[in-house]
1. So GLY180 passes all but one of these: (1) more than 30 Å from VAL37 (Cβ to Cβ); (2) surrounded by fewer than 16 Cβ atoms within 10 Å (Cβ to Cβ). Which condition number does it fail?
2. State whether one or more residues within the stretch 141-154 are among the small types (Gly, Ala, Ser), buried (at least 17 other Cβ atoms within 10 Å of the Cβ), modelled with pLDDT of 95 or more and within 14 Å of the chain's Cα centre (by Cα).
3. Being within 19 Å of ASP91 (Cα to Cα) and modelled with pLDDT of 95 or more: is that true of VAL137 here?
4. Is there any pair with a first residue in the stretch 42-54 that is farther than 14 Å from ILE104 by Cβ and a second that is surrounded by 17 or more Cβ atoms within 10 Å (Cβ to Cβ) and not aromatic (Phe, Trp, Tyr) whose Cβ atoms are under 8 Å apart and which are 6 or more apart or on different chains, and what are they?
5. Among (1) within 16 Å of the chain's Cα centre (by Cα); (2) free of Cβ contacts under 8 Å to residues at least 60 places away in the same chain; (3) over 21 Å from ALA77 (Cα atoms), where does ARG101 come up short?
6. Could you list all residues from the stretch 48-69 that are modelled with pLDDT under 85 and buried (at least 17 other Cβ atoms within 10 Å of the Cβ)?
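The values are calculated or read from the model by the stated rules, or taken from the named source; none is laboratory data. Note that the structure is a prediction, hence the values are computed from the model and not measured. Glycine gets a Cβ as well: all are built from the backbone with ideal geometry, and neighbour counts include every protein chain shown.
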Amino acid sequence: MRRYMTNDAPADDAARTPRRGVLTLRHLTASDADRMVAWLSRPDVREDVGVRRAASREFTLSWIASATDDAGFRARAIELDGVHVGNVVLDRIDAEAGTARLSIYVGDSADRGSGVGTRAVRAMLAQAFDALGLRKVILTVHAENARAIRAYERAGFVREGRHRAEFRLRGRWIDLLYFGALKEEFRPDAP
């Protein structure tokens with residue numbers, strides 16, 4: 001198993017001092033399920049990610065198992081100094097087209113805004129472009145998730161489009177933004 005690690009951190013983050021330490025992406029395991037259920041039971045995480053069903057241990061264990069067995073998936077735990085702080089996923093991996101979709105969440109609010117998400121996205125993009133040989137990675141984010149948008153842009157994503165009133169957040173329909181990152185533009189060490 002190849003582990004992608006970095007101990008760099010963005011030089012500035014308006015919300016919080018960057019959290020330094022060794023960041024590792026590792027395979028998700030069944031032992032991660034309870035922590036994931038706890039995170040996805042929190043309204044702030046569930047709503048920002050767009051999860052519509054209640055989190056359960058059974059569903060989460062099933063999801064981890066299927067993600068592990070599916071070649072179109074790369075589901076990774078984000079660890080900071082050995083502590084699991086969130087997950088980052090590449091799915092819809094299409095080797096023929098050279099594309100995939102990325103999603104991420106940092107589970108504990110104390111770790112959000114600290115640069116951990118940006119670092120994890122960069123590490124996953126490195127896997128996508130180097131290990132998997134992909135040429136483009138896309139993602140979507142709702143228009144009111146300003147912290148995530150800043151993290152994606154710092155990691156090298158460029159906004160490519162807006163779909164109006166496509167994401168339901170707390171009973172309101174809001175815009176969904178589409179971002180893309182290209183292999184030839186990716187700079188893993190960018191500030």
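1. For GLY180, the failing item is (2).
2. No, the stretch 141-154 contains no residue that is among the small types (Gly, Ala, Ser), buried (at least 17 other Cβ atoms within 10 Å of the Cβ), modelled with pLDDT of 95 or more and within 14 Å of the chain's Cα centre (by Cα).
3. For VAL137, the condition - within 19 Å of ASP91 (Cα to Cα) and modelled with pLDDT of 95 or more - is met.
4. So the pair list comes out as ARG42/GLY107; ARG46/LEU40; ARG46/ALA55.
5. (3)
6. ASP48, VAL49
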